[in-house]
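Below is one structure, written out as structure tokens; comments come after it.
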Amino acid sequence: MAEAKTAICFIDRREHMEIDGRYLKDLEPATRNLIKGDYPKSKVTDFICDHDLLKYQLMRVDGMVNSDVKQTQKISRRLTKAMQSDDYDIVDVNDNLAKSLTFGQRVSDAVARFGGSWGFIGVFTFVLVAWMCINALHLFGMHFDPYPFILLNLALSCIAAIQAPIIMMSQNRAADRDRMSSENDYHVNQKSEHELRILHAKLDNLTQNQLPHSLEIQKLEIEILGQIRTELDMIQRNQLGNPKSGLNGNPQQENENSSEKDS
Ligand SMILES: [Zn+2]
């Protein structure tokens with residue numbers, strides 16, 4: 001029979017029909033390498049029956065699943081480690097500064113706050129105008145600082161001299177607060193970047209390893225299903241062929257049955 005080609009499985013040395021097995025050159029490289037590992041002398045032109053091939057296909061699936069699980073665990077460990085190794089405590093800047101404030105610093109803050117407000121300008125203008133009016137117009141019979149108001153000049157100079165360092169003290173502490181909060185931001189950013197890198201690695205692993213693997217596993221599953229189908233067909237053929245009652249309406253099956261008997 002021309003269509004019923006047979007081949008000898010190089011593992012069990014038995015004769016099989018060609019459709020019941022594969023040549024090594026038709027296999028996936030990874031599966032072929034597994035066979036080569038067990039049988040170093042095998043050639044690409046060798047034939048392997050489905051029964052023996054199944055073992056290597058299952059080994060291949062096992063290998064892929066194991067490597068995927070290992071890789072996922074590795075990345076998860078890295079992520080956990082990165083999250084645990086973060087020893088920088090985020091500082092609550094405002095709370096921290098408020099606790100360490102001395103009395104002098106509180107006063108300087110209050111002075112700086114009042115000195116930079118419209119209220120201060122209003123009050124100061126009123127005092128200046130009142131001072132000048134009282135001394136220029138001799139109101140209430142008082143003229144303790146006659147024109148050109150030298151005492152007022154002295155008082156203003158003194159206020160300016162004291163207010164400047166007080167405001168500078170307050171500004172220094174504002175700078176401190178900014179420095180602390182930017183330090184916080186820096187650490188948070190660094191941590192986010194690190195975690196993002198690991199998430200990237202996770203995603204890459206998913207798309208570059210696990211997805212192709214699961215597709216390959218699917219392919220192997222379909223192949224194994226095909227093999228089961230062929231074997232079922234064979235069993236059916238044998239069952240139908242034994243009684244020879246002519247129930248079998250498929251002439252090709254009869255041909256194959258007869259060719260099996262021939263071989
Ligand atoms: Zn075999």
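Just for segment 1-12: of the residues that are out of contact with any helix residue (DSSP H, G or I) (no Cβ under 7 Å at 6 or more places or on another chain) and open to solvent by 50 Å² or more (accessible area, probe 1.4 Å), which one is farthest from the ligand (Cβ to nearest atom)?
Here is the first cut: in segment 1-12, the ones out of contact with any helix residue (DSSP H, G or I) (no Cβ under 7 Å at 6 or more places or on another chain) are 2-3, 8, 10.
Narrowing further to those that are open to solvent by 50 Å² or more (accessible area, probe 1.4 Å): 2-3, 8.
Values: ALA2: 24, GLU3: 21, ILE8: 9 Å.
Residue satisfying both the conditions and the ranking: ALA2.
One line per residue, one yes/no per condition, for (1) modelled with pLDDT of 90 or more; (2) open to solvent by 90 Å² or more (accessible area, probe 1.4 Å):
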site	(1), (2)
SER157	yes, no
ILE166	yes, no
GLN227	no, no
LEU232	yes, yes
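If I go through segment 85-124 residue by residue, how many of them are assigned to a helix (DSSP H, G or I) and of a type in the set (S, T, N, Q)? Break it down into steps so the answer makes sense when it comes.
Quick first cut of segment 85-124, residues assigned to a helix (DSSP H, G or I) only: 93-99, 103-115, 118-124.
Still in the list and also of a type in the set (S, T, N, Q): 94, 96, 105, 108.
Residues that pass the stated criteria total 4.
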Exercise. Of all the residues that make up segment 13-34, how many are farther than 18 Å from ILE228 by Cβ and either in contact with a Leu (Cβ under 6 Å, 6 or more places away or on another chain) or within 11 Å of the ligand (Cβ to nearest atom) (or both)?
Worked result: 4
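Rundown of residues vs (1) open to solvent by 70 Å² or more (accessible area, probe 1.4 Å); (2) more than 25 Å from the chain's Cα centre (by Cα), yes/no style:
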position: ARG173; (1), (2): no, yes
position: SER192; (1), (2): no, no
position: HIS200; (1), (2): yes, no
position: THR207; (1), (2): yes, no
position: LEU215; (1), (2): yes, no
position: LYS219; (1), (2): yes, yes
position: GLU223; (1), (2): no, yes
Problem set entry | Residue within segment 97-105 that is in contact with a helix residue (DSSP H, G or I) (Cβ under 7 Å, 6 or more places away or on another chain) and within 27 Å of SER181 (Cβ to Cβ) present | yes
Exercise. In segment 46-99, what residues are over 30 Å from GLU15 (Cβ atoms) and either hydroxyl-bearing (Ser, Thr, Tyr) or within 16 Å of the ligand (Cβ to nearest atom) (or both)?
Worked result: SER67, THR72, SER76, THR80, SER85, TYR88
Seminar exercise, completed: Checked pairs for segment 103-122, first of a type outside the set (Gly, Ala, Ser), second surrounded by 13 or more Cβ atoms within 10 Å (Cβ to Cβ), C-beta under 6 Å and 6 or more apart or across chains, list as ASP109/SER170; VAL111/ILE166; PHE114/PHE120
Problem set entry | Exclusive hit being under 24 Å from SER108 (Cα atoms) and touching a residue at least 12 places away in the same chain (Cβ under 8 Å), set LEU156, LEU128 | LEU128
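The values are calculated or read from the model by the stated rules, or taken from the named source; none is laboratory data. Since the structure is predicted, the reported quantities are computational estimates derived from the model, not experimental observations. All Cβ positions, even for glycine, are placed from backbone atoms using ideal geometry, and neighbour counts span all protein chains on display. For accessibility, only protein heavy atoms count, side chains too; no ligands or nucleic acids. Shrake-Rupley method; radii C 1.70, N 1.55, O 1.52, S 1.80 Å.
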